[in-house]
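To keep things clear, I will list the structure first and then write my remarks on it.
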Amino acid sequence: MSHIPLSTIFYLVTATVLWAGNAIAGRLLVGSVSPITLSAVRWAIAAIILLPLGWKVFKPSSALWSNKKRFILLGLFGVGSYNVLLYLALQTSTPINVTLIGASMPIWMLIIGALLYQTRPNPLQLFGALVSLLGVALVLSRGEMDVLLNLQVVVGDLLIMLATILWALYSWMLSRPGKSTERQWPWAEFLMAQVFAGLLWTGLFDGFEVMAGQAYIEFTPLTVLLILFVAIGPSLIAYRCWGLGVNGAGPTVAAFFANLIPLFTAVFSAAMLGEPPHFYHSFAFILIALGIAVSSARRKDRS
């Protein structure tokens, strides 16, 4: 990584630290804020903060309107459903498990690419996906073969798996620009379009939580502080840093930095939640990282 500017490394590491912090904050807020309400409040605050920078995306001449169907789906997969499922998963699963299972992303990238985008994986990619899958299976089984054989998993593990699949769909859509060249959009306007569409979906989901009588929020100093953190850090700063990092290092190299999220989550969990990582977490992380490295071995030329 010596050829990567230090500023780019800083951007990518900052994004991963903030996303790890998001998992910890979500866990700390269990019992204080209902999960879908947390997602709705988070993105509402983020939208308000972002509005002064991205308001031009709502002008009648904006390319948003010619791509409205596309952004409805981007908002559903990347902002609405993913974040709702993440916070729901944290109700029953640990932040370490959530982020490690989320590291199975390359598997779903290959599957969705082959099924929907006619992108055939090469043998190394398939082998790497298999190794990553073994790492995920290790997390799901809690390191015990009997658990794996009996398929005993908590609901949160399954929810974050679904969220990961939806994020893979979102990522593939981002790699296929719409009717206008989105890469030329100001970053704030492009993010504002996604946040706005995602907020509409999240508001819809939160409506069901309210009607079911399951919505609640307890305003305490800690609750307010954590909500502000997830609205500003993981929602705005992390997205901006990740964009700068990808522009500086390329998407392939940036993907390796994403593997730092489970590592930072394990450190934060031990320090703040009293949930120290187990041996199988470390071994699972090594398998997932190895699988991603092998899967990416032949992507450099294409990138």
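Every read-out reported here was derived from the displayed coordinates using simple, explicitly stated rules and does not represent laboratory data. On a predicted model such as this, the values are computed, not experimentally measured, just so you know. A quick note on method: Cβ atoms are made from the backbone with ideal geometry, for glycine too, and the neighbour counts reach across all protein chains shown.
Couple of notes before you dig in:
- Whether segment 1-85 is rounded, prolate or oblate, judged on the alpha carbon gyration tensor where a/c under 1.5 counts as rounded: oblate
- For the peptides 23-31, 68-76, the ranking by packing is 23-31, 68-76, with the highest mean count of neighbouring Cβ atoms within 10 Å listed first.
- Ascending count of other beta-carbon atoms within 10 Å, so fewest first, for M173, M109, M272: M272, M173, M109
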